[in-house]
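Peer 1: Here it is, the structure in full.
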Amino acid sequence: MSGETGKWIILAGLVILLAGIVVYFFHDKLHWIGNLPGDIKIERENFRFYFPFTTMIIISLIINLIIRLFR
């Protein structure tokens, strides 16, 4: 591994740490994440299925915008 790889691993760790801090302190304000229109929820008596389709698209768009800003 090169020094450049180490820098990317540290950056990824900082991003995960920042995301954890945001979720920890603002969890009561983020209740809409995962409950957007287009998120698939199926609940039966002995079965529960959840697929956050719209949430994943929005998070992917935000991450792509951030990556493009830094390039």
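Peer 1: If a residue must be aliphatic (A, V, I, L, M) and either over 21 Å from Ile66 (Cα atoms) or not in a helix (DSSP H, G or I) (or both), how many such residues does the stretch 16-55 contain?
Peer 2: Of the stretch 16-55, the ones aliphatic (A, V, I, L, M) are 16-19, 21-23, 30, 33, 36, 40, 42.
Now drop any that are not either over 21 Å from Ile66 (Cα atoms) or not in a helix (DSSP H, G or I) (or both), which leaves 30, 33, 36, 40, 42.
Qualifying residue count for the region: 5.
Peer 1: Kindly indicate the residue of the stretch 1-43 that is within 19 Å of Met56 (Cα to Cα) and among the charged types (D, E, K, R) and also surrounded by the fewest Cβ atoms within 10 Å (Cβ to Cβ) among those meeting that condition.
Peer 2: So the residue we want is Lys29.
Peer 1: Using the structure shown, decide if Gly6 is in a loop (DSSP other than H, G, I, E, B) and small (Gly, Ala, Ser).
Peer 2: Numbers: in a loop (DSSP other than H, G, I, E, B): no; small (Gly, Ala, Ser): yes.
Spelling it out, it is not the case that Gly6 is in a loop (DSSP other than H, G, I, E, B) and small (Gly, Ala, Ser).
Peer 1: Would you please list the contacts, defined by Cβ atoms under 8 Å and residues six or more apart or on different chains, that run from a residue in the stretch 57-71 that is farther than 25 Å from Gly34 by Cβ to a residue that is at pLDDT 90 or above?
Peer 2: Close Cβ pairs satisfying both conditions: none exist.
Peer 1: Just checking, which of Asn46, Asn64 is surrounded by fewer than 10 Cβ atoms within 10 Å (Cβ to Cβ), at pLDDT 90 or above and either of a type in the set (S, T, N, Q) or in contact with a Lys or Arg (Cβ under 7 Å, 6 or more places away or on another chain) (or both)?
Peer 2: Asn46
The values are calculated or read from the model by the stated rules, or taken from the named source; none is laboratory data. What you see is a predicted model; the values in this text were computed from it and never measured. Using ideal geometry, Cβ is built from the backbone for each residue, glycine included, and neighbour counts are taken over all protein chains shown.
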